[in-house]
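The values are calculated or read from the model by the stated rules, or taken from the named source; none is laboratory data. Since we're looking at a predicted model, the values are computed, not measured. Here the Cβ positions follow ideal geometry from the backbone for every residue, glycine too, while neighbour counts run over all protein chains shown. With ligands, DNA and RNA removed, areas are computed over all heavy atoms of the protein, side chains included. Shrake-Rupley method; radii C 1.70, N 1.55, O 1.52, S 1.80 Å.
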Amino acid sequence: MGANMKESPARDARRNPISLTTKVMIGMIFGMIIGLIFNAVNVPVIDNYLVGGLFGMIGNMFVNGLKMLVVPLVVFSLICGVTGIGDIRLLGRVGVKAFALYIGTTAIAVIVALGLADVVGPGTGFDMSSINTSGVPGKPAPSAWDVFAAIVPTNPIAAFSNGEMLQIIFYVILVSIAALMLGDRSRSFVEACEYMNELMMKVVEIVMMFAPYGVFALIAKTFAEQGIDLFLPVVLYVTTLVSALLFHLFVTLMLLLKVLSGLNPVTLMTKLRPAQILAFSTASSNATIPITLRCVTQRVGADNSVASFTVPLGATINMDGTAIMQGVATVFLANVYGIHLGALDFVTIVGMAVLASIGTAGVPGVGLVMLTMVLGQVGVPVEGIAIILGIDRLMDMMRTVVNVSGDAVVSAIVAKGEGKLDMEIFNDPKAGVISEDELAIDLEAERRLASAARPHRDP
């Protein structure tokens, strides 16, 4: 009986696994606590060697690891998705639906932000005596023609090297369509891409083993450097922005999901938690693509033929959170400078926010660059960005969560509408869940299997 009661560590780990998401959340919470403590004590040795040194190194290594996966994962996943659809007309329908939903949700987001900011009125009576507004760069707004013309790459190799996602998506779709047109002659090419796609998803799992430590380092460094004192001068701006972000995430997007697909919003939000945590930690939609794609396919149940197209496209053009920031920040800075914004100005802000979202990469800090375009169009001094510059990193983390959630919502809507959503996976709370212990065991088992299959040489 004693022998029966005793179980191997592997079996025990599988019976009571700790999900990777739980470990990442623990890392995030401890990161906030440690970061705020370090910010309060303000010891130069800790700031220089631990926060800026060790935490910075670990955080950068983790983010670099995620970014390392983006281009190859998007390429192989998109090739498999397009060739898996098999029908160019279906691909066009998926593309049109996704593009329309992304542009539509971005427009709704900035309209909601402008309305809320206009009612609350952040920035009225703001004291600028302690704000240094010198040296804030501006950027001219591109024309719509330039934005769409830039989608076609002049040099595909340069596009891959620089991570120009829209150009990469365009080129890969073009190659995939050509492969479809060649018919059976492309079979070996498609099989090779399918293998590479599976290989890259396995690499994603390996990188995610280090997620709890990477998230801890990123969050601890951010809160140690920023603290909470930066919020006090702009507390009304922060309150308005956070309220608009939460309203769009939990009301607008969830209503769209329920009305257009009939899916349960609570179930979807629960399954997106890993991608949302990574989005908050990295403040980069592009860096979160591997995890978002994994959640949408393996947790939500969207077919790869849809998700491989909608997720990378959304990370590139779907900037709901950033558009909300632009709306609130523009009204805030206009109030600070005593500039009245009329109805035409509001229309201009909506148009500029949508246009800028199409041609802007999903990387940290890009929202401020987009904001300079919007401010320049409505006559608000660009130098005012200095007022919100200090707290933008933390706000960037929050709006990236909204961006990534919007990508997943649109992917689920499109997949459901095309009959490409597995409802058994969607309704299964354990679908696609991996624990760190299970992943380590699986990797060890695969290593032993490969070692056993390797031919042995006689001495």
Taking alpha-carbon centroids only, region 292-351 lies from region 215-289 a number of Å equal to 12
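Provide the gained length on full extension for the span Arg393 to Ile29, in nm with one decimal, where the gain is 0.36 nm per separating residue minus the Cα-Cα distance. Working shown, then result.
Values: separation 364, 0.36 × 364 = 131.04 nm, distance 1.75 nm.
That pair, Arg393 and Ile29, stretches by 129.3 nm at full extension.
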Calc'd 3J(HN,Hα), region 295-302, phi into Karplus 6.51 cos²θ - 1.76 cosθ + 1.60 (θ = phi - 60°), Hz, glycine/Pro = x, comes to 5, 5, 8, 8, 9, 7, x, 6
Partner lysines whose C-alpha sits under 24 Å from that of Lys221, ignoring same-chain residues fewer than 8 away, are Lys23, Lys67
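As an exercise, use a Förster radius of 45 Å and the Cβ-Cβ distance of Ile339 and Asp184 to find the FRET efficiency, rounded to the nearest 0.05.
Numbers: r = 64 Å, r/R0 = 1.42.
The computed FRET efficiency comes out at 0.10.
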FRET efficiency for Ala40 and Ser161 from the Cβ-Cβ distance with R0 = 60 Å, rounded to 0.05, comes out at 0.90
The distance between the Cα centres of region 390-424 and region 67-112, in whole Å, is 12
accessible surface per residue for region 218-283, probe 1.4 Å, DNA/RNA/ligands not counted, whole Å² -> 40
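Leaving out ligands, DNA and RNA, and with a 1.4 Å probe, what % of the accessible surface on region 152-301 is carbon or sulfur?
Details: 4360 of 6570 Å².
Summing carbon and sulfur atoms, their accessible area is 66 percent of the total for region 152-301.
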With all protein chains in place and a 1.4 Å probe, Leu36 shows an accessible area in Å² (nearest 10) of 70
Taking r as the C-beta separation of Phe247 and Val433 and R0 as 41 Å, the FRET efficiency to the nearest 0.05 is 0.90
Between Ile88 and Met423, the two model label points (7 Å from Cα along the beta-carbon direction) sit apart by a distance in nm of 3.4
